[in-house]
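In what follows, a structure is listed as C-alpha cells, so that the remarks can point back to it.
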Amino acid sequence: MVESISVRLTNQTNGKVHDRVLLDDWHPLARSQDLKPGTLLRSRLMETDLVLWRGETTLSAWEDRCPHRSVKLSGGKVVDNTLVCPYHGLAYDPQGQCVKVPAHPNYVPPKQSCVKTFKVQERYGVIFVSLGNPQKEVAAFLEWDDPSYRTYLSGPHFCRCSGLRAIENFLDVAHLPFVHAGLLGEPDQAVIEDYEVSADENGIYLHDIRIWQPDPDGTGQGRIASYDYWALRPLTASLRKEVSEGHYMMLLYCVTPISEEECLSWMWGALNYAHEIPEAEMVAFQDKVILQDVANLESHQPKRLPLDPQAEFHLPSDRASLAYRKWLKQLGLTYGAIA
Ligand code: FES
Ligand code: FE
C-alpha cells in the first residue's frame with residue numbers, strides 16, 4: 001500500500017497529471033456514431049471526467065464540471081445548440097461560454113463563466129481528445145481511405161492494466177502461439193527467429209518478424225507469416241502482416257489511458273483481400289483475439305509497466321519490449337509506468 005501511494009505522488013500533485021507526453025497526445029474516446037447531434041456522452045481520460053456533446057454542427061469535449069457550483073454537466077442536456085446544466089439551468093455555448101442564466105434573464109455572464117474545454121477531432125470513425133496541446137496529428141492510417149482495402153473497427157475494449165502494458169503486448173509476437181493458439185500460432189511451432197529493431201525519436205520499428213500461423217490468410221493453410229511493427233506514440237502502434245504474397249493486413253492499435261491502471265483498446269483493421277467476408281465476422285474475430293489478451297493483461301502484477309530493465313528478466317524475443325521500455329524512458333513518460 002505504501003509503495004503504491006508513493007508511486008502515485010511522483011505522477012500526480014493535487015489531482016493533476018504531469019505527464020506532458022500523454023497530455024499532449026490524442027486519445028480515442030468514443031465512436032462518432034454513438035454521439036448523435038443534440039446528445040452528450042460521459043467519458044474519462046487520465047482520471048479527468050469529461051462530457052462530449054454535439055450541437056447541430058459542433059463537437060465539444062469539456063471537463064465534466066459546471067464552473068458555477070461544480071456539478072456534473074453530463075447530468076444536463078443539449079438544448080438549442082447549448083449544453084444546459086441540470087442544477088440551475090445555466091446554458092453554455094459550444095465554445096464553453098455561459099450564455100444564459102434563467103434566474104436572471106437580463107444578466108450578461110462575464111467571460112470567466114466558462115467551462116474548461118479540450119481539443120477534439122474525429123478520425124477513422126472515432127472521437128479523439130487531447131487534454132493538452134498536441135504537437136502531432138492523430139497517427140496516420142492511410143489504408144483507411146484506400147478503396148483497395150476493406151476496413152473495420154474493433155473496440156473499445158476495457159482492460160484493468162496500464163495502457164503501456166497493452167501496447168507492449170501488441171508488440172510481443174512470442175505470445176501469439178499461446179494466448180491465441182489455433183488462431184495466430186500453435187504452441188508446438190513457437191520459435192521466434194532473431195529480428196531487427198530500430199529506434200529513433202519517432203518511435204520503434206520491428207522488421208520482418210516471422211512466425212508460423214495455422215491460418216494466416218483464411219484459406220486454412222498454415223504458413224509462415226511476416227510481421228512489421230511500429231510503435232508510433234507511447235499508446236499508438238501499428239503492424240503490417242504479409243499473410244501471403246501480395247496480401248496484407250494492416251492494423252492500427254490505440255490504447256486510451258483512463259487511469260494509470262485502466263485502459264480502453266481500439267483496433268482499426270484494413271485488408272487488401274477477403275473482401276467477401278462480412279464486416280461483422282472480421283470484427284468478431286478481432287474482438288475474440290483482444291479478449292484473449294485481456295485475461296493476461298489483467299493478471300500483470302504490477303499493472304503498470306516497469307521501465308527499469310532489472311525489474312523483470314528478458315529473452316532474445318523480448319528485444320521489442322526492451323526497446324519500447326527504453327524509448328518510453330527517454331521520452332520521460334511516467335503515467336502508467338514505474339520508473
Ligand atoms: Fe451548474 Fe449552477 S451548478 S448551473
Ligand atoms: Fe495478443
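The values are calculated or read from the model by the stated rules, or taken from the named source; none is laboratory data. As the structure is a computational prediction, the values presented were derived from the model and not from experiment. Methodologically, a virtual Cβ is constructed for each residue, glycine included, from the backbone with ideal geometry; neighbour enumeration extends over all protein chains shown.
The set of residues in the range 234-245 being surrounded by fewer than 21 Cβ atoms within 10 Å (Cβ to Cβ) and modelled with pLDDT of 95 or more consists of 239, 240.
Can you name the residue in the range 246-270 that is modelled with pLDDT under 95 and outside any loop (DSSP other than H, G, I, E, B) and, of all such residues, is farthest from ligand 2 (Cβ to nearest atom)? Don't jump to the end; show me each part of the working.
Of the range 246-270, the ones modelled with pLDDT under 95 are 246-249.
Filter once more, keeping what is outside any loop (DSSP other than H, G, I, E, B): 247-249.
Values: 247: 21, 248: 19, 249: 14 Å.
For the range 246-270, the residue satisfying everything is 247.
Taken over the range 50-73, the criterion of being surrounded by fewer than 15 Cβ atoms within 10 Å (Cβ to Cβ) and either within 26 Å of residue 260 (Cα to Cα) or within 16 Å of ligand 2 (Cβ to nearest atom) (or both) is satisfied by 70 alone. Scanning the range 106-125 for residues that are closer than 22 Å to residue 55 by Cβ and either at pLDDT below 95 or part of a loop (DSSP other than H, G, I, E, B) (or both) gives 108, 109, 111, 113, 115, 116, 125.
Can residue 302 be described as surrounded by 14 or more Cβ atoms within 10 Å (Cβ to Cβ) and under 28 Å from residue 44 (Cβ atoms)? The answer is yes for residue 302.
So how many residues does the range 70-85 have that are part of a strand (DSSP E or B) and either hydrophobic (A, V, I, L, M, F, W, C) or free of Cβ contacts under 8 Å to residues at least 24 places away in the same chain (or both)?
Applying the first criterion (part of a strand (DSSP E or B)) to the range 70-85 yields 77-79, 82-84.
From what is left, the residues that are either hydrophobic (A, V, I, L, M, F, W, C) or free of Cβ contacts under 8 Å to residues at least 24 places away in the same chain (or both) are 78-79, 83-84.
Count: 4.
Can you find a residue in the range 29-48 that is in contact with a helix residue (DSSP H, G or I) (Cβ under 8 Å, 6 or more places away or on another chain), under 21 Å from residue 264 (Cα atoms), in a strand (DSSP E or B) and β-branched (Val, Ile, Thr)? Looking for residues that are in contact with a helix residue (DSSP H, G or I) (Cβ under 8 Å, 6 or more places away or on another chain), under 21 Å from residue 264 (Cα atoms), in a strand (DSSP E or B) and β-branched (Val, Ile, Thr), one finds none in the range 29-48, hence no. Being surrounded by 18 or more Cβ atoms within 10 Å (Cβ to Cβ), more than 22 Å from residue 125 (Cα to Cα) and under 20 Å from the mean Cα position of the chain (by Cα) is true of residue 162. In this structure, residue 60 does not qualify as polar (S, T, N, Q) and within 10 Å of ligand 1 (Cβ to nearest atom).
Taking the listed residues 274, 237, the one that is farther than 28 Å from residue 50 by Cα, in contact (Cβ under 8 Å) with a residue 24 or more places away in the chain and small (Gly, Ala, Ser) is 274, with no other qualifying. Applying the set (1) within 20 Å of residue 25 (Cβ to Cβ); (2) within 16 Å of ligand 2 (Cβ to nearest atom); (3) touching a strand residue (DSSP E or B) at 6+ places or on another chain (Cβ under 6 Å) to residue 168 leaves exactly one unmet item: (3). Restricting 181, 174 to those that are within 15 Å of ligand 2 (Cβ to nearest atom), small (Gly, Ala, Ser), surrounded by 15 or more Cβ atoms within 10 Å (Cβ to Cβ) and free of Cβ contacts under 8 Å to residues at least 12 places away in the same chain reduces the list to 181.
For (1) at pLDDT below 95; (2) out of contact with any Lys or Arg (no Cβ under 8 Å at 6 or more places or on another chain), each residue gets a yes or a no:
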residue	(1), (2)
135	yes, yes
153	no, no
169	no, yes
183	yes, no
200	yes, yes
205	no, yes
214	yes, yes
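The residue pairs whose first member lies in the range 283-294 and is at negative phi and within 11 Å of ligand 2 (Cβ to nearest atom), whose second member is among the hydrophobic types (A, V, I, L, M, F, W, C) and part of a helix (DSSP H, G or I), and whose beta carbons are closer than 7 Å, counting only pairs six or more residues apart or on different chains, are 292/179; 293/179.
Any idea which of 94, 28 is modelled with pLDDT of 95 or more and either more than 27 Å from residue 237 (Cα to Cα) or within 16 Å of ligand 2 (Cβ to nearest atom) (or both)? If you could, list the steps in order and put the result at the bottom.
Working: 28 fails: either more than 27 Å from residue 237 (Cα to Cα) or within 16 Å of ligand 2 (Cβ to nearest atom) (or both).
Testing whether each residue is modelled with pLDDT of 95 or more and either more than 27 Å from residue 237 (Cα to Cα) or within 16 Å of ligand 2 (Cβ to nearest atom) (or both) leaves just 94.
Taking the conditions exactly as written (closer than 26 Å to residue 140 by Cα and either of a type outside the set (D, E, K, R) or over 24 Å from the mean Cα position of the chain (by Cα) (or both)), does residue 82 satisfy them or not? Taking the combined requirement at face value, the residue does not satisfy it.
Here is a check on your reading of the model: is residue 20 under 24 Å from residue 261 (Cα atoms), more than 16 Å from ligand 2 (Cβ to nearest atom) and surrounded by 17 or more Cβ atoms within 10 Å (Cβ to Cβ)? Against the criterion (under 24 Å from residue 261 (Cα atoms), more than 16 Å from ligand 2 (Cβ to nearest atom) and surrounded by 17 or more Cβ atoms within 10 Å (Cβ to Cβ)), residue 20 does not qualify. Taking the range 93-114 as the range and being touching a Ser or Thr at 6+ places or on another chain (Cβ under 7 Å) and within 9 Å of ligand 1 (Cβ to nearest atom) as the test, only 98 passes.
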